[in-house]
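Engineer: Let me begin by handing over the structure; questions about it come next.
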Amino acid sequence: MPASGAVVYPVPVGAILDSRESTLKSEQYRGQLDYSGSWKEHQVSALVGFEWRRAVTEGSSSRVYGLDTDKLNAGLVDFTRLYPNFVNGGSSYIQNGTSFDLKRNNFISQFANLAYTFRDAYTVSASARADASNVFGISTNNRWRPLWSAGVAWEVTRMPFFKFDFVDFLKLRATYGMSGNVDPGMVGVSTIRYPGISAFTQSPYAVFDKYSNPDLRWEKVGMFNAGVDFNLWKGRLSGSVEYYSKQADDLFGMFPIDYTTGVGSAIIKNVAKIKGNGLDIQLNSNNLSGGFKWQTTLNFSANKDRVVNYYVPNTLGSSFLQSGASVSGIEGLPVYAVFSYQWAGLDPMTGDPMGFVNGVASRDYNALTGPATQVGDLKYHGSALPKYFGNLVNNFSYAGLTLSVSLSFKFDYYFRRKSIDYTNLFDSWNGHADFQQRWRSPGDELQTNVPSLIFPNPSARDAFYKYSEVLIEKGDHIRIQYINLDYAFEKRMLGPLKIKTLNLFANLGNLGIIYRANKKGIDPEYITSGFNLPPGKLFSFGLRTSL
């Protein structure tokens, strides 16, 4: 406001329009030579080539003040002056809102594959490639990553000595290979960013965007597979069994650095190593044939992983407690592990939740949730991801009518369920059904684990209860994935219609769980919302035809 008392508008009256434009340009060039040949009992196929890719992203943003959408004009703003800020009581410049950005990612690959087969029974294969990326800009050795794989296969049923009539097909195979991974958001050299024009100097200025990380290198993964494919009793039973072992080295993670470097407290480095192994089984059976047919497909997987090495920046217990699945990083435990505060019950006189401090029941929530509680003081439950999972599909058909029923299952894992959070209740009126089960009077602690309602409510009290072991549940369950019914009209029923096929179908989806390990009626796959609501059931029907 000037001395005359007249009202002025540093930000012109009208709308504020923010505009953003981004363009992605990508190029890819590939050259490849193929060869295949056979003679007598030998077959050879090979290829060699290279590939180059580049992706360039350009963007810009702008802001105009005082926009008049009828006259299509805007006002003028002085970005060089300080104006009173009525929000914080200080002074600030009007935001310019103009910026430009440019990102380039380059990749190059060289590759070769070779496969040799002898007597249609023995196969040896190998592949090799070398990939390079400009995000590792310090050492040439780190910029390139050689990748390779090799495998063998033996079709046993082609051997003259194999005399089992019930075995139609039997093949043994094994492979081992190395692969790599890179995150385009990471770089090995220091990069700068130009935010715009300085309000102080009225000149362009730059800030550090990424800091030099000369030790950054590719993540590398080694994997071994061994399997058997089979077909028995004239196709009555077929399938495959496969075992795999996987090891990942130089995985990306946060690594603490000295504050005095001036670039923050942590940077991304290659800090972790994990191992895993598992079993995949697929079985297909023709149970009944003839007019009425019944076919079954079973897919079963078992998986186990563990952290071998990981630099944990801190061991505070609260750092290992999350609402969803997150990387734990504790050596010897699964990559995604579930922890909780140990529970000592509700105080019989106040209904306050209690934990353990130095082995003694306590209501000192600052000690229970603060630095005094380390990861070793937490209770470990198990993996946050299923160790056993798969699905079972049954198909029944008769005279053009087909019924398909699919069941899925997941076993041996844990999740953290929702409950009442009094802080959210008071601040945002977000409640939970557990509120009616809260402790009200002495003796209730024998029937419930839901804390009493108090006001004011310490946030640390809610945090302890939220991450306590009483809210951990087993996630094991079996659900009906879908039921499909399909009727295919016979040719003679189509009459004069000039169509090849006509099918009438009906589908039912999201039919729900038929078994769950938890006693709360919770669907473990839909726990992100406070109400734990699964998606609604789906029903669809229609006609499908081809001309």
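Okay, residues lined up against (1) at pLDDT 80 or above; (2) farther than 30 Å from residue 51 by Cα; (3) assigned to a strand (DSSP E or B); (4) basic (Lys, Arg):
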| residue | (1), (2), (3), (4) |
| --- | --- |
| 61 | yes, yes, yes, no |
| 70 | yes, yes, no, no |
| 88 | no, yes, no, no |
| 110 | yes, no, yes, no |
| 115 | yes, no, yes, no |
| 124 | yes, no, yes, no |
| 135 | no, no, no, no |
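Engineer: When the residues of the stretch 462-472 are narrowed to those that are of a type in the set (D, E, K, R) and surrounded by 20 or more Cβ atoms within 10 Å (Cβ to Cβ), which ends up nearest to residue 321 (Cα to Cα)?
Structural biologist: Going through the stretch 462-472, the residues of a type in the set (D, E, K, R) turn out to be 462, 466, 469.
Applying the additional criterion that residues be surrounded by 20 or more Cβ atoms within 10 Å (Cβ to Cβ) yields 462, 466.
Working: 462: 13, 466: 10 Å.
It comes out as 466.
Engineer: Quick check on this structure: which one of 58, 27, 21 is surrounded by 14 or more Cβ atoms within 10 Å (Cβ to Cβ) and of a type in the set (Asp, Glu)? Give the derivation first.
Structural biologist: Numbers: 27 fails: surrounded by 14 or more Cβ atoms within 10 Å (Cβ to Cβ); 21 fails: surrounded by 14 or more Cβ atoms within 10 Å (Cβ to Cβ).
None of the others qualify; the one that does is 58.
Engineer: Additional query: Mind listing just one residue for me: the one in the stretch 492-522 that is surrounded by fewer than 11 Cβ atoms within 10 Å (Cβ to Cβ) and among the basic types (Lys, Arg) and, of those, nearest to residue 470 (Cα to Cα)?
Structural biologist: 519
Engineer: For residue 355, are the conditions met, namely being crowded, with 17+ Cβ neighbours inside 10 Å, under 23 Å from residue 472 (Cβ atoms) and touching a Leu at 6+ places or on another chain (Cβ under 6 Å)? Full working, then the answer.
Structural biologist: Numbers: crowded, with 17+ Cβ neighbours inside 10 Å: yes; under 23 Å from residue 472 (Cβ atoms): yes; touching a Leu at 6+ places or on another chain (Cβ under 6 Å): yes.
So residue 355 passes the test.
Engineer: Separate question: Restricting attention to the stretch 369-388, does a residue exist that is surrounded by 17 or more Cβ atoms within 10 Å (Cβ to Cβ), at pLDDT 90 or above, hydrophobic (A, V, I, L, M, F, W, C) and not in a loop (DSSP other than H, G, I, E, B)?
Structural biologist: No.
Engineer: Can you tell me which residue is farthest from residue 516 (Cα to Cα) among those in the stretch 414-434 that are touching a Phe, Trp or Tyr at 6+ places or on another chain (Cβ under 9 Å) and of a type outside the set (Lys, Arg)?
Structural biologist: Keep residues of the stretch 414-434 that are touching a Phe, Trp or Tyr at 6+ places or on another chain (Cβ under 9 Å), which gives 416, 418-422, 425-426, 432-433.
If we keep only those that are of a type outside the set (Lys, Arg) as well, we get 419-422, 425-426, 432-433.
Details: 419: 19, 420: 22, 421: 25, 422: 28, 425: 29, 426: 33, 432: 21, 433: 20 Å.
Among them, the one singled out is 426.
Per-residue answers, yes or no, for (1) farther than 28 Å from residue 127 by Cα; (2) at pLDDT below 75; (3) not in a loop (DSSP other than H, G, I, E, B); (4) not polar (S, T, N, Q):
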| position | (1), (2), (3), (4) |
| --- | --- |
| 183 | no, yes, no, yes |
| 187 | yes, yes, no, yes |
| 199 | yes, yes, no, yes |
| 213 | yes, yes, no, no |
| 220 | no, no, yes, yes |
| 228 | no, no, yes, yes |
| 238 | yes, no, yes, no |
| 246 | no, no, yes, yes |
| 277 | no, no, yes, no |
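Engineer: Could you grab me the full set of residues in the stretch 324-351 that are touching a helix residue (DSSP H, G or I) at 6+ places or on another chain (Cβ under 8 Å), part of a loop (DSSP other than H, G, I, E, B) and of a type in the set (S, T, N, Q)?
Structural biologist: Correct list: 328, 342.
Engineer: Among residues belonging to the stretch 39-55 that are modelled with pLDDT under 90 and in contact with a strand residue (DSSP E or B) (Cβ under 8 Å, 6 or more places away or on another chain), point out the one that is farthest from residue 126 (Cα to Cα).
Structural biologist: Start the filter on the stretch 39-55 by keeping residues that are modelled with pLDDT under 90, which leaves 39-41, 50-55.
In the following step, the residues that additionally are in contact with a strand residue (DSSP E or B) (Cβ under 8 Å, 6 or more places away or on another chain) were identified as 41, 50-55.
Details: 41: 20, 50: 17, 51: 19, 52: 22, 53: 24, 54: 28, 55: 30 Å.
Only one residue tops the list, namely 55.
Engineer: Being modelled with pLDDT under 85, among the acidic types (Asp, Glu) and surrounded by 12 or more Cβ atoms within 10 Å (Cβ to Cβ) is true for just one of 101, 78. Which residue is that? Quick ask: steps written out before the conclusion?
Structural biologist: Values: 78 fails: surrounded by 12 or more Cβ atoms within 10 Å (Cβ to Cβ).
Of 101, 78, the one residue that is modelled with pLDDT under 85, among the acidic types (Asp, Glu) and surrounded by 12 or more Cβ atoms within 10 Å (Cβ to Cβ) is 101.
Engineer: For the stretch 261-273, state whether one or more residues are in contact (Cβ under 8 Å) with a residue 12 or more places away in the chain and over 30 Å from the mean Cα position of the chain (by Cα).
Structural biologist: No: zero hits.
Engineer: While we're on this one: On the given criteria, is residue 388 aromatic (Phe, Trp, Tyr), farther than 27 Å from residue 314 by Cα and in contact with a strand residue (DSSP E or B) (Cβ under 8 Å, 6 or more places away or on another chain)?
Structural biologist: Working: aromatic (Phe, Trp, Tyr): yes; farther than 27 Å from residue 314 by Cα: yes; in contact with a strand residue (DSSP E or B) (Cβ under 8 Å, 6 or more places away or on another chain): yes.
So residue 388 fits the description; yes.
Engineer: Which of the residues that make up the stretch 438-468 are in contact with a Lys or Arg (Cβ under 7 Å, 6 or more places away or on another chain) and under 29 Å from residue 535 (Cβ atoms)?
Structural biologist: Hit for the stretch 438-468 is 450, nothing else.
Engineer: For residue 34, which of the numbered conditions (1) in contact (Cβ under 8 Å) with a residue 24 or more places away in the chain; (2) under 40 Å from the mean Cα position of the chain (by Cα) fails to hold?
Structural biologist: Every condition holds for residue 34 apart from (1).
Engineer: Just a yes or no: is a residue in the stretch 55-68 of a type in the set (A, V, I, L, M) and in contact (Cβ under 8 Å) with a residue 60 or more places away in the chain?
Structural biologist: Residues of the stretch 55-68 that are of a type in the set (A, V, I, L, M), as a first pass: 55-56, 64, 67.
Checking the rest, the ones that are also in contact (Cβ under 8 Å) with a residue 60 or more places away in the chain come to none.
No, the stretch 55-68 has no match at all.
Engineer: May I ask you to list pairs of residues, at least six apart or on different chains, whose Cβ atoms are under 7 Å apart, with the first in the stretch 421-440 being on the phi > 0 side of the Ramachandran plot and the second being in a helix (DSSP H, G or I) and of a type outside the set (Gly, Ala, Ser)?
Structural biologist: none
Engineer: Next up: Of the conditions (1) under 27 Å from residue 393 (Cβ atoms); (2) surrounded by fewer than 16 Cβ atoms within 10 Å (Cβ to Cβ); (3) free of Cβ contacts under 8 Å to residues at least 60 places away in the same chain; (4) not aromatic (Phe, Trp, Tyr), residue 483 clears all except one; give me its number.
Structural biologist: Status for residue 483: all satisfied but (3).
Engineer: Testing residue 314 on (1) farther than 16 Å from residue 271 by Cα; (2) not in a strand (DSSP E or B), one condition comes back false. Which one is that?
Structural biologist: The one condition residue 314 does not meet is (1).
The values are calculated or read from the model by the stated rules, or taken from the named source; none is laboratory data. On a predicted model such as this, the values are computed, not experimentally measured, just so you know. Neighbour counts are summed over all protein chains in view; Cβ atoms, including those assigned to glycine, are modelled from backbone coordinates with ideal geometry.
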